Each structure stands twice: as C-alpha cells, then as structure tokens.
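The values are calculated or read from the model by the stated rules, or taken from the named source; none is laboratory data. Predicted, not measured: the structure shown is a model, and the values here were computed from it. Cβ atoms come from the backbone with ideal geometry, glycine included; neighbour counts cover every protein chain shown.
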Amino acid sequence: MRKALGMIEAIGITAAIAALDSASKAADVTLVGFDKVIGVEKAVSVTIHIAGEVAAVNAAVEAGVQAGNKVGRVVSSRTIARPHEEVDFLIKEFEKNLKEKESRKQEKPKPKKTSKKEEKDN
C-alpha cells in the first residue's frame, strides 16, 4: 500500500465527526476505520483512521484537529508516512472491519412500526 496512515483521537463522537468531516473535505483521504474507547481521560474517545498520500493525510489531519478542537477536544493526532508492511496489514484489517460493519448494518431488518391501537389489539 505504501500510503500514509493518519489518526485523530477526539473526546466524544461530536468532535470526532467534526474532525472527520473537515479532514475529508481538506484532502483526498479515505476513512479506513475507527475505534471507540471508554476511559480515555475519564470519557469516551473516538479515534478515526484515515489513509491516502502523505501530503494529503498531513493536510487532512491538521484540518481535522483544528475542526475537532472547535467543537470539543482532540486528545492526540499522528501521521505515519509510508508505514511498515505490518502497519499496512493493520490498515487493511481496519478497512475490512469497516466494510463488515456496514454490511451488517444493511442486513439488519428494520422493526415494523405499530400503532398504539395495534399494540392494544395484540
């Protein structure tokens, strides 16, 4: 792959989404994964993982950090340029897990809405 991996860790989902939105608009990068961790600084943190060319990932991480800090707090960020092959394997796993999550979401049947009258009749 020989791309760069960028990571932005934010406290809360709102800051993470703002960071991802800004990062995605700032440069040609792809979301390859995310993690939710309970307990970072006594809160819930969300780390987003993005990949792309080195310059694009650097620009995206910088823009994402600024946007995340406007609405919340970014705890840490990092760009790994041309990661080792083992990290490339990890990126591929992130992508695979993200695709699996998406397919599971699409497979879940939506619950049928019932009216109060139908509930009383049952």
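Structural remarks
- Of all residues assigned to the stretch 86-94, none qualifies as being modelled with pLDDT of 90 or more, at negative phi and of a type in the set (Asp, Glu).
- Some residue of the stretch 22-41 being among the hydroxyl-bearing types (Ser, Thr, Tyr) and under 16 Å from LEU98 (Cα atoms): yes
- Condition met for ALA56 (modelled with pLDDT of 95 or more and within 14 Å of THR30 (Cα to Cα)): yes
- Test: residue in the stretch 95-103 that is within 17 Å of ASP28 (Cα to Cα), surrounded by fewer than 14 Cβ atoms within 10 Å (Cβ to Cβ) and over 13 Å from the mean Cα position of the chain (by Cα): no
- Of the strands (runs of 3 or more DSSP E) lying entirely inside the stretch 24-82, not one carries at least 3 residues that are over 15 Å from the mean Cα position of the chain (by Cα), hydrophobic (A, V, I, L, M, F, W, C) and buried (at least 16 other Cβ atoms within 10 Å of the Cβ).
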